[in-house]
1. Being in contact (Cβ under 8 Å) with a residue 60 or more places away in the chain, in a helix (DSSP H, G or I) and more than 16 Å from L164 (Cβ to Cβ) is the filter here; which residues of region 81-124 pass it?
2. Having 3 or more residues that are loosely packed, with under 14 Cβ neighbours inside 10 Å is the bar; report the helices (runs of 4 or more DSSP H) wholly within region 2-54 that clear it.
3. Show the residue pairs meeting these rules: Cβ distance below 8 Å; 6+ apart or different chains; first residue within region 64-78 and within 13 Å of V46 (Cα to Cα); second residue outside any strand (DSSP E or B) and open to solvent by 100 Å² or more (accessible area, probe 1.4 Å).
4. If only one of I68, I38 is among the aliphatic types (A, V, I, L, M), farther than 24 Å from P105 by Cβ and touching a helix residue (DSSP H, G or I) at 6+ places or on another chain (Cβ under 8 Å), which one is it?
5. Among residues belonging to region 125-155 that are hydrophobic (A, V, I, L, M, F, W, C) and outside any helix (DSSP H, G or I), point out the one that is nearest to F99 (Cα to Cα).
Amino acid sequence: MRYMILGLLLGGPLSLYDLHKRFTAGMAQFYSGSIGGIRRALTQLVVAGWATVEDAEDGRRGKREYTITPEGKQAWREWMQAPLPPSSDSETMILAKVFLLGWLPEDERVVTIQALHDRVSEDAKDIDALLQSVDSNDIAADERDVFDFQRATLEYGAHAHRLLGDWLAALETPGSVGAAAARASVQQNSSSSAAVADSMQTASR
């Protein structure tokens, strides 16, 4: 959460409640930021020297605003360009980084997207290998129902990673053309998403 807050502070000073509104309005679809969690993260940022806090200029009583420092900007850029930890929720972190990508210079955006795309490709290979492994097993008739639901979940994960990879590949194109291509990629794959959902419903019957 600390790095997401730093990314939001790149747009200018924000109060605790301003930041909470940003999380609710922009990041809520992939990340939940509570008031308490944001407050704790802000305290950590100030202690680390990555942000400063002062009374708001409008003079409203009790309102304090946080500002990112040069050290905070550098920490955020390093986080944006760093590989995702193996144990992290890759989809959430990828969406968070893409959400904040516009604050990076264009050349650094391309490098960041490529790194995210590489991670998605690695995860997709792992899921495909797992699918091949489970498909090679002989399933007893009385275990077929259990297996079908478990395999449907793995198949969904494989499809989701392919969609995410296509979306990132489209974003690698610099400028608005890349964003338009990413939207087109999602639209083109929407029918495939529906097909996966249908197959999972069929398996449940």
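The values are calculated or read from the model by the stated rules, or taken from the named source; none is laboratory data. This one's a predicted model, so the numbers in the text were calculated from it and none came from an experiment. Don't worry about glycine lacking a Cβ; one is built from the backbone with ideal geometry, like all the others, and counts go over all protein chains shown. SASA here: full protein model, heavy atoms, side chains in, ligands and nucleic acids out. Shrake-Rupley method; radii C 1.70, N 1.55, O 1.52, S 1.80 Å.
1. Matches in region 81-124: W103, E106, R109, V110.
2. Numbers: elements: 2-9, 16-22, 35-48.
In region 2-54, 35-48 are the helices (runs of 4 or more DSSP H) which contain 3 or more residues that are loosely packed, with under 14 Cβ neighbours inside 10 Å.
3. E65/E57
4. Just one listed residue meets the conditions, I38.
5. I139
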